[in-house]
Amino acid sequence: MARNFALLSTSLQDALQLALPPVAVTLGQTAPAGVAPVTQTVAAGCVFWELGAQHTFATTSKDHALCAIGTFTHNMAGTPAHEEDRKDALKVFADLGYLPPSELATIPTLPRRVETVVYGPLAQAQQDPDVVLLFVKPSQTLLLAEAATSVDGGTPPAMGRPACAIVPQAVNSQRAVLSLGCCGARAYVNALTDDVALFALPGARLELYVERLTVLAKANATLSTFHTLRKRDVAAGKTPTIAQSVATLMAGG
């Protein structure tokens, strides 16, 4: 049965109240027919996440050429000059104590060579995405972490630099993952404000996350009201039991 990505996108947006729609990221060897190539030059591949919330497009390694770290995590080919650029970047990172050489091997990378990456709104996806990216705030991350714990059987990891490693981490583990971003992504991506992070869901398991999120969103809304009413009553000098607080909730406050 064909997957209904428009419905999945709407369900995610309704459950999480997202400011930006979910972004589908699809890794491949050739661009699908009918998908136009990107026309914008960007300083780093993470910018494509934000653009992908607006429209669908295909990219190649040339489109990622200004970010040697992004091509590293995504296993994309580069010219000799590009490889030299990466060495220069890594040297700067090491000299600053930002990324010691000993930690380079801990950065997730895709296991196979990637020739094209298609970005676009999940609602418009014509093929199964490898990863679905969400721009999220802490309250939304709470729901996602709870859903991921149910679906994946454990708490999702929280990653730091580089932000682009969230894609291979989700692909390689087939588990949800939170990225707190990196200073580069936060400089390049306007949507990554101080109160926003990234959450990645493996595309193959998207329906499971959506199903759990739908339940948890309703439960959290009810429980938030419950706790607010209980806080009010305690502040007023009362000592309500749980049963009494539930009765207050059911009575509408």
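Values in this text are rule-based calculations from the coordinates and carry no lab data. Quick caveat: nothing in here was measured; it's all calculated off a predicted structure. Quick reminder, even Gly has a Cβ in these numbers, built from the backbone with ideal geometry, and neighbours come from all protein chains shown.
Using Cα-Cα distances under 8 Å and only pairs 6 or more residues apart, what relative contact order does region 1-97 have, in percent?
Rounded, it is 20 percent for region 1-97.
In region 1-95, which chymotrypsin sites (Phe, Trp or Tyr not before Pro) are in a loop and have at most 14 other Cβ atoms within 10 Å, using DSSP for the loop call?
In loop regions of region 1-95 (DSSP not H, G, I, E or B), there are no sparsely surrounded chymotrypsin sites (Phe, Trp or Tyr not before Pro).
Taking the number of other C-beta atoms within 10 Å as the exposure measure, put Tyr119, Tyr98 in order starting with the fewest.
Ascending Cβ contact count within 10 Å gives the list Tyr98, Tyr119.
Among Leu18, His82, Met159, which residue has its Cα positioned farthest towards the positive end of the charge dipole of region 5-220, with +1 placed on the Cβ of Lys and Arg, -1 on the Cβ of Asp and Glu, and the dipole taken about the Cα centre?
Highest projection toward the positive end goes to Met159.
Which residue, Gly154, Gly45, Gly237, has the most motion in a Gaussian network model of the chain that connects Cα atoms within less than 10 Å?
Checking each option, the largest mean-square fluctuation is seen for Gly237.
Specify the angular offset, from 0 to 90 degrees and rounded to the nearest 10, of the alpha carbon long axis of helix 138-152 from the longest principal axis of the alpha carbons in the chain.
80
Can you pull out the trypsin sites (Lys or Arg not before Pro) in region 110-179 that DSSP calls coil and that have at most 13 other Cβ atoms within 10 Å?
Taking region 110-179 and a limit of 13 other Cβ atoms within 10 Å, the loop trypsin sites (Lys or Arg not before Pro) found are Arg112, Arg113.
Report the label-to-label distance for Thr155 and Gln127 in nanometres (one decimal), using points 7 Å from each Cα along the Cα→Cβ vector.
Here the modelled spin labels are 3.8 nm apart.
Among (i) 12.8; (ii) 13.9; (iii) 16.9, find the value of mean projected area of the Cα convex hull in nm² that was calculated from the structure presented, and write down its label.
The value matching this structure is (iii).
Choose one answer from Leu110, Leu223, Leu27: the residue with the largest mean-square fluctuation in a GNM of the chain with alpha-carbon springs under 10 Å.
Per the Cα network of the chain with a 10 Å cutoff, Leu223 tops the list.
Treating cross-link reach as a plain straight distance, find the lysines whose alpha-carbon is under 26 Å from the alpha-carbon of Lys62, omitting any fewer than eight places away in the same chain.
Reachable lysines: Lys87, Lys91.
Can you give me the angle between helix 206-235 and the longest principal axis of the chain, using Cα atoms only, in degrees from 0 to 90, rounded to the nearest 10?
Here the helix axis deviates by roughly 40 degrees.
For the chain, what is the mean residue ellipticity at 222 nm derived from helices alone (per DSSP H run of n ≥ 4: -39500 (n - 2.57); sum divided by total residues; nearest 500 deg cm²/dmol)?
It comes out at -13500 deg cm²/dmol, rounded to the nearest 500.
Note down the magnitude of the dipole of the chain about its Cα centre, charges +1 on Lys and Arg C-beta and -1 on Asp and Glu C-beta and zero elsewhere, to the nearest 20 debye.
The calculated dipole for the chain is roughly 640 debye.
What angle, in degrees between 0 and 90 and rounded to the nearest 10, separates the Cα long axis of helix 80-96 from the longest principal axis of the Cα atoms of the chain?
That works out to roughly 50 degrees.
Pick from Ala105, Ala65, Ala200: which is most flexible by mean-square fluctuation in a GNM of the chain where alpha carbon atoms under 10 Å apart are linked?
Ala105
Would you be so kind as to identify which of Pro108, Ala187, Ala197 lies farthest towards the positive end of the dipole of the chain, taking Lys and Arg as +1 and Asp and Glu as -1 on Cβ and the Cα centre as origin?
Ala197
Figure the gain on full extension for Leu180 and Glu211 (residue separation times 0.36 nm, minus the Cα-Cα span) and round it to one decimal in nm.
Stretched fully, the Leu180-Glu211 segment lengthens by 8.7 nm.
Under 8 Å for C-alpha pairs, at least 6 residues apart: give me the relative contact order for region 5-220, rounded to a whole percent.
Answer for region 5-220 is 28 percent.
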